[in-house]
Amino acid sequence: MKKNLLFAELIVVILFFSIASAACVTLFAESYKDGKKSDELLDAVVLAQNAAELFKELGGSVQIPVAMLREDSESMNMEIDIEVTVKGSTFTKAKITILRESRRLYEIDAVAFTGRGGLFNTGGQSHE
């Protein structure tokens with residue numbers, strides 16, 4: 001009788017350990033995925049900020065920032081899309097979008113003034 005109880009107790013302990021181990025592995029896997037997403041978003045934000053600064057410095061040019069950041073974006077496996085939304089006589093407004101595999105990661109609006117220069121960031125938006 002004691003052998004049966006000991007065997008049953010051992011089975012319960014092993015079952016509990018298996019369930020706890022599976023939960024820990026799941027938590028670690030989720031935290032790894034969250035870390036990867038966070039790194040991806042950080043890279044996208046930096047790339048968008050660099051594109052916005054170049055857009056401002058070059059007086060609203062669209063092609064030059066994309067060309068200058070091509071190497072960085074390719075090393076990060078990301079694409080930069082700069083779409084001019086408003087072109088006024090004294091300013092150019094654009095939406096800068098960072099994509100990976102046709103999925104929007106981040107976008108930011110930037111304004112380049114052709115007269116005195118300056119950049120007004122109207123806020124970035126994550127798409128995660």
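I'd like to know if region 30-41 contains one or more residues that are within 11 Å of Ile98 (Cα to Cα), surrounded by fewer than 17 Cβ atoms within 10 Å (Cβ to Cβ) and modelled with pLDDT of 85 or more.
yes
When the residues of region 74-103 are filtered to those that are among the polar types (S, T, N, Q) and either in contact with a Pro (Cβ under 8 Å, 6 or more places away or on another chain) or not in a loop (DSSP other than H, G, I, E, B) (or both), the one that is farthest from Lys56 (Cα to Cα) is Ser75. Just to be sure before I move on: is Val45 of a type in the set (Val, Ile, Thr), touching a strand residue (DSSP E or B) at 6+ places or on another chain (Cβ under 9 Å) and touching a residue at least 40 places away in the same chain (Cβ under 8 Å) in the structure I sent? In short, yes. Of the residues making up region 85-109, those that are among the aromatic types (Phe, Trp, Tyr) and without any contact (Cβ under 8 Å) to a residue 40 or more places away in the chain number 1. Applying the criterion of being among the hydrophobic types (A, V, I, L, M, F, W, C) and in contact with a Ser or Thr (Cβ under 7 Å, 6 or more places away or on another chain) to the residues of region 62-85, the residue that is surrounded by the most Cβ atoms within 10 Å (Cβ to Cβ) is Ile80.
The values are calculated or read from the model by the stated rules, or taken from the named source; none is laboratory data. The structure presented is a predicted model; accordingly, all values stated were derived computationally and were not measured. Virtual Cβ from ideal backbone geometry, glycine too; neighbours counted across all protein chains shown.
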